[in-house]
Amino acid sequence: MANGPVAATAAIQQALGGQPAPAQQQPAMRDLNPAPAASRTSRPPANPADTLHIHTLAGDVHDEPESPAAATQAPQRASVHMAPGAKALVDGLLAKLGALQSDGTAAMPDLPDLSGLSDLPGLDLPGQRKVRTPAPLPPGAQFVAGVYRGATGTRDYKLYVPANYHGQPMPLLVMLHGCTQDPDDFAAGTRMNALAEEQGLLVVYPAQSRQANQQRCWNWFNALDQQRGQGEPAIIAGIAQQVAAQYAVAPRQVYVAGMSAGGAMAVIAGTLYPDIFAAVGVHSGLPYASARDLPSALQAMKQGAPAKDAAIAGNSRPIIVFHGDRDHTVHPRNGEQVMSQQLHRHAGARAQRDQGSVPQGRNFTRTTHHHPDGTPLGEHWVIHGAGHAWSGGSTDGSYTDASGPDASREMLRFFHTVAA
């Protein structure tokens, strides 16, 4: 067997999926955490004033402390039932990657029971992806397919144009899906198109290709894809510019957001292209340059990036971060480190911490950061009890938790505040 993380990843994919992966395939990070049971019932978009109960905690906040739950949590364990020889193969590969502990347990979230894989939302094994019927569009609205071709690569995308667009300038939001997802799935789960129709904005969903990553993850852990003018960040910036050239986009109102691997790539794109993106939204993502290869990616997902890496660069644009404190796929510490990067370059920022709840839903802690003049710098939302799922999303898409605060609506509210 060939050595190295690329070959190891290909073999792991072969053992799990029953199909060979190309030897040259980029490392594929996979979201294996199912959405919480409470997310089985979706709820319609609502005004946050009607759904959130928030109260401010007494006293000033001077930094971004780690949540107690995040500090003490351990990876969720599950039994593993594999075909004969497959577990030995995977254990051997994990050992070579340094991801197998001395007691024989994996040093990353355990693989789920393969007999139940068909019930896990968003897990894309061969032949198991559910085909969803797209929701009907409002009269006059469009959800059109496009292609971007640039010097650094080509990607498909889908663009939502609301019915009330008649050539007038509108904000543009770039939405980056997570592993195994696609634009239609991500649009359905986040309900961002419905909000775009309600609030008047264009939304573009770049699609990761299987040629770039077998599991359709954005390659946030590749060094090449962490540089301006290179790789996927350049493609994403190019898609935003292409849409802005074809439609009327409001000046300084282009934003980028994403989930999981897409959230990590949103941080990268916002960090490298502050001249294009006015603000960033991150859900269950990771900080900039938190990994450079597969082993460091697994480590960052399990326990957060090393402290020295967390301060490499700070995004100079406002950022809003969401993370569940029971996320066993991407450790909640990563959300804290995303915000730490933002604060690293903004001395004198002021913070306020609020606690709130969704009626008959989840509690949350929101920490807001402002410049001394009161302009917004960032928000960090910790969703208590939530796993690796888009908070407040719809079960029409994968990786959603309807019982949490509406992350989509809160992101748009934050972006609007930044633009004001």
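None of the figures in this text is laboratory data; all of them are computed from the coordinates on show. Everything quoted here is computed from the prediction, not taken from an experiment. Methodologically, a virtual Cβ is constructed for each residue, glycine included, from the backbone with ideal geometry; neighbour enumeration extends over all protein chains shown.
Dipole of the range 285-420 (Lys/Arg Cβ +1, Asp/Glu Cβ -1, origin at the Cα centre): which of Gly387, Thr368, Gln341 lies farthest to the positive side?
Checking the options against the dipole of the range 285-420, the answer is Gln341.
Can you tell me the equivalent ellipsoid semi-axes for the range 266-383? Use √(5λ) from the Cα gyration tensor, largest first, whole Å. It would help to have the intermediate numbers written out before the result.
Working: eigenvalues 92, 81, 27 Å².
They are 21, 20, 12 Å, listed largest first.
Only sites in a loop by DSSP and with at most 16 other Cβ atoms within 10 Å count here; which trypsin sites (Lys or Arg not before Pro) in the range 312-363 make the cut?
Details: sites: Arg326, Arg333, Arg345, Arg350, Arg353, Arg362; in loops: Arg326, Arg345, Arg362.
Passing both the DSSP loop test and the Cβ count: Arg345.
What is the range 197-236 by shape, rounded, prolate or oblate, if you read a ≥ b ≥ c off the alpha carbon gyration tensor as root eigenvalues and call it rounded for a/c under 1.5, prolate for a/b larger than b/c, and oblate otherwise?
Working: a/c = 3.28, a/b = 1.72, b/c = 1.90.
Cα axes put the range 197-236 in the oblate bin.
Can you give me the relative contact order of the range 325-420 as a percent, contacts being Cα pairs under 8 Å and 6 or more apart? Intermediate results must be reported in sequence, preceding the final value.
Numbers: 156 pairs, mean separation 22.9, N = 96.
With pairs under 8 Å counted, the relative contact order is 24 percent.
Could you run the Debye sum over the Cα atoms of the range 205-350, one equal point scatterer each and no solvent, and tell me log10 of I(q)/I(0) at q = 0.10, 0.21 Å⁻¹, two decimals?
-0.31, -1.34
Round to the nearest 0.05 the FRET efficiency obtained for Asn363 and Ala135 when R0 = 22 Å and r is the Cβ-Cβ distance.
Working: r = 30 Å, r/R0 = 1.37.
Taking R0 as 22 Å, the efficiency between Asn363 and Ala135 is 0.15.
Each label point is 7 Å from the Cα along the Cα-to-Cβ direction; what then is the distance between the points at Val144 and Ala223, in nm?
About 4.1 nm, to one decimal.
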